[in-house]
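**Student:** So that we are looking at the same thing, I have put the structure below in structure tokens.
The values are calculated or read from the model by the stated rules, or taken from the named source; none is laboratory data. The structure displayed is predicted, hence computed values, not measured ones. Every residue, glycine among them, receives a Cβ derived from its backbone with ideal geometry; neighbour counts consider all protein chains shown.
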Amino acid sequence: MHPKKSLKRRKQGKSSKHVAGKFPDAFVPGSRSKLFRAGASVVAATFLLSLATPPAGALSLNSEVPATATTELLDSVATDTGTKQCSEPGSSWELATPSEVGFNPQKLQDAVNYATLGGSAAVRVYRYGCLVAEDALSPEGRALPTPSNSVAKSITSMLMGRAWTQGLISPADPVGALLPEADYAHGKITVDNLATMTSGNEQTLTHDFNLAMPDRIRDALTIPLIHEPGEYYNYWQSGVSLLAEAVTRAVGHDIQDYAQTELFGPIGIPRERWSWLRDSQGRTAAYFGLSMTVDDYGRFGELLRRDGVWKGQRLLSEEYTQYAVNPSDPYPCSAALIWRPALPECNGAFGPTAEPGPFLGLPSDMWEFQGAAGQFVTVFPSQDVMVVRAGADDATATPTSQSTRREFFDMVLGALDTPAPSPHLTPRDDISHKAYGGATEDAFFTGSSVVQPALPAPGPRRARASIIAENVSVVANRLVVTVSCPKLHFGPAPGCTGALSSDATSDTSSYNMQPGTQAQLQLRLTSQANQDLTKNGELSVAIRATNRDGTAEGTIATVPRLVRG
């Protein structure tokens, strides 16, 4: 086993300071300022290069900013009162002035200017579902797509969540049940392992980040496994592609078609407004390669902020929305392909190498989608604030740029009428994580990312995992549980045959379900569980469904449930 990776203290880097007059003022909804109209064509050209370079168009157009822009902004919101709540965006986001949603206009403008000065290609600030502030380039650059980089991973997670909500996939599904070509070891990896990057795989960075790799699924099914699944966190590109392929097979459609029909379209993103790269086998990259507008990235953050409900339709179950941001045990800085860098137990670690970062002290319920070159969708749930940024700098790799990003967050939270506390805390020496950072570079291993090995012999047949309904009731001292068998099956394990059990019951209940069907099963509560339920009015139970297959252990799905008397 690889030893635990200790986190050493790193001194807080100094943050860059905003230089007045060096950059145009933020464009805030409600202002009548007309910024950069004459330079629209220059902005359009330079925006496409923003991944590699700072937004040169913004710098070159600095002289065109009207001298009265800031004054007009402040005058326009001086009489605003109350708190505005906005509905989910339709064709565009509903606007609010800073004062309408509890921001100090000047402080918020300073924050957006600061982020723009820090190499941002685009910046947005939202509160209560309203677009409150955006960078001055936005009127011209709003319709231009920007690359996601690893923000695509979080959106892949949400596609898995949509399929889970529809009963088409489960975190407990083993890879071997969806891809029967997998051998025993790789087939044992679960959807949950892929979503939390705890598959137990080896890697080298040059291998993993080889964008010329012809077949990511082959890579995922042949990469050496050095830990038991679930024991260690390891940042891994091919595992996300394997997750997308698992979703593709579970839903029975190409994942991009499924995305548009079931998630992107319902939250208002038309097909012509996004693209997603594929590998040479025609499979969606999933771990990167998605391009869409900055405002559309914000729709995904807003959907999750709204607990998976969009215009009255539940697109993501409560079970998924909790799972999506629930930190993993080996590495609590990460959840289901979504980052949790402000958690105390994360201890300031951040990114693929688990190095200390400057995020301790921010509101601990903060979560974010994050990609290289400073792409991020960051949500502060307790404050109902979301920040979206498209970047041209290396804002995920260096301590200086991470500190600059922390400074931006501090400025946004400090601009609230009731500022959110965000002290800068020092990581503790007594906290470590089970995060595997990748092996020493190996020429042979790296070469296998181009000339890929053949798949090993397939493993034994594996059953799909049964899906246990969220709502569990009690009738006459018995748990009443609805269990479903997923619709699509692959290989010689066509249905769900097994038994249901619980840590709070004295018996089991057998089932034999065809694909796409469900059964209502009952389990007798133990006398102690019944007493606890009567006394407390509720009872926490763990329910397990074990499906028999060609392995000794079978396919096991275990879920916690809260039962009320």
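**Student:** Return yes when ALA499 is assigned to a strand (DSSP E or B), more than 30 Å from VAL125 (Cβ to Cβ) and modelled with pLDDT of 90 or more and no when it is not.
**Tutor:** Working: assigned to a strand (DSSP E or B): yes; more than 30 Å from VAL125 (Cβ to Cβ): yes; modelled with pLDDT of 90 or more: yes.
Judged against the criteria, ALA499 is a match.
**Student:** Checking CYS333 against (1) over 22 Å from ASN193 (Cβ atoms); (2) surrounded by 15 or more Cβ atoms within 10 Å (Cβ to Cβ); (3) touching a Leu at 6+ places or on another chain (Cβ under 8 Å); (4) not aliphatic (A, V, I, L, M), which single condition isn't satisfied?
**Tutor:** (1)
**Student:** Next up: Looking at ILE169, ILE155, can you tell me which residue is in a loop (DSSP other than H, G, I, E, B) and within 20 Å of the chain's Cα centre (by Cα)?
**Tutor:** When all the criteria are applied, what remains is ILE169.
**Student:** How about the range 214-230: which of its residues are in contact with a helix residue (DSSP H, G or I) (Cβ under 6 Å, 6 or more places away or on another chain), buried (at least 19 other Cβ atoms within 10 Å of the Cβ) and not small (Gly, Ala, Ser)?
**Tutor:** If the condition is that a residue be in contact with a helix residue (DSSP H, G or I) (Cβ under 6 Å, 6 or more places away or on another chain), buried (at least 19 other Cβ atoms within 10 Å of the Cβ) and not small (Gly, Ala, Ser), then ARG216, ILE217, ASP219, LEU221, PRO229 are the ones that fit.
**Student:** I'd like to verify a number: residues in the range 220-236 that are free of Cβ contacts under 8 Å to residues at least 40 places away in the same chain and under 19 Å from the mean Cα position of the chain (by Cα), how many?
**Tutor:** Here the count works out to 1.
**Student:** Do we have LEU108 as in contact (Cβ under 8 Å) with a residue 24 or more places away in the chain, of a type outside the set (Ser, Thr, Tyr) and either part of a loop (DSSP other than H, G, I, E, B) or within 30 Å of THR555 (Cα to Cα) (or both) here? Walk me through how you get there before you give the answer.
**Tutor:** Numbers: in contact (Cβ under 8 Å) with a residue 24 or more places away in the chain: yes; of a type outside the set (Ser, Thr, Tyr): yes; either part of a loop (DSSP other than H, G, I, E, B) or within 30 Å of THR555 (Cα to Cα) (or both): no.
When the stated conditions are applied, LEU108 does not pass them.
**Student:** With the requirement that a residue be among the basic types (Lys, Arg) and out of contact with any strand residue (DSSP E or B) (no Cβ under 7 Å at 6 or more places or on another chain), what does the range 465-500 give you?
**Tutor:** Listed by number, the list holds a single entry, LYS487.
**Student:** Sticking with this one: Could you list all residues from the range 247-262 that are part of a helix (DSSP H, G or I) and either in contact (Cβ under 8 Å) with a residue 60 or more places away in the chain or in contact with an Asp or Glu (Cβ under 9 Å, 6 or more places away or on another chain) (or both)?
**Tutor:** Once the filter is applied, which keeps residues that are part of a helix (DSSP H, G or I) and either in contact (Cβ under 8 Å) with a residue 60 or more places away in the chain or in contact with an Asp or Glu (Cβ under 9 Å, 6 or more places away or on another chain) (or both), the range 247-262 yields VAL247, THR248, ARG249, ALA250, VAL251, ILE255, TYR258, ALA259, GLU262.
**Student:** With the checklist (1) in the same structural domain as VAL377 (by TED's automatic domain parsing); (2) part of a helix (DSSP H, G or I); (3) among the hydrophobic types (A, V, I, L, M, F, W, C) in hand, flag the one item ALA177 doesn't pass.
**Tutor:** (1)
**Student:** Just to check your reading of the model, which residue among ALA244, ALA185 is touching a residue at least 60 places away in the same chain (Cβ under 8 Å), part of a helix (DSSP H, G or I), surrounded by fewer than 24 Cβ atoms within 10 Å (Cβ to Cβ) and touching a strand residue (DSSP E or B) at 6+ places or on another chain (Cβ under 7 Å)?
**Tutor:** Details: ALA244 fails: surrounded by fewer than 24 Cβ atoms within 10 Å (Cβ to Cβ).
ALA185 is the lone residue from the list that is touching a residue at least 60 places away in the same chain (Cβ under 8 Å), part of a helix (DSSP H, G or I), surrounded by fewer than 24 Cβ atoms within 10 Å (Cβ to Cβ) and touching a strand residue (DSSP E or B) at 6+ places or on another chain (Cβ under 7 Å).
**Student:** Please find, among ARG249, ARG216, the residue that is under 20 Å from ASN149 (Cα atoms), basic (Lys, Arg) and outside the structural domain of GLN322 (by TED's automatic domain parsing).
**Tutor:** Values: ARG249 fails: under 20 Å from ASN149 (Cα atoms).
Matching residue, one of ARG249, ARG216: ARG216.
**Student:** For SER473, which of the numbered conditions (1) in contact (Cβ under 8 Å) with a residue 60 or more places away in the chain; (2) within 20 Å of THR190 (Cβ to Cβ); (3) among the hydroxyl-bearing types (Ser, Thr, Tyr) fails to hold?
**Tutor:** Evaluating SER473 over (1) in contact (Cβ under 8 Å) with a residue 60 or more places away in the chain; (2) within 20 Å of THR190 (Cβ to Cβ); (3) among the hydroxyl-bearing types (Ser, Thr, Tyr) leaves (2) as the failure.
**Student:** Name, by its number, the condition in (1) closer than 25 Å to LEU179 by Cβ; (2) surrounded by 21 or more Cβ atoms within 10 Å (Cβ to Cβ); (3) among the hydroxyl-bearing types (Ser, Thr, Tyr) that does not hold for SER502.
**Tutor:** (1)
**Student:** Condition check: free of Cβ contacts under 8 Å to residues at least 60 places away in the same chain and assigned to a loop (DSSP other than H, G, I, E, B). Does LEU211 satisfy that?
**Tutor:** Yes.
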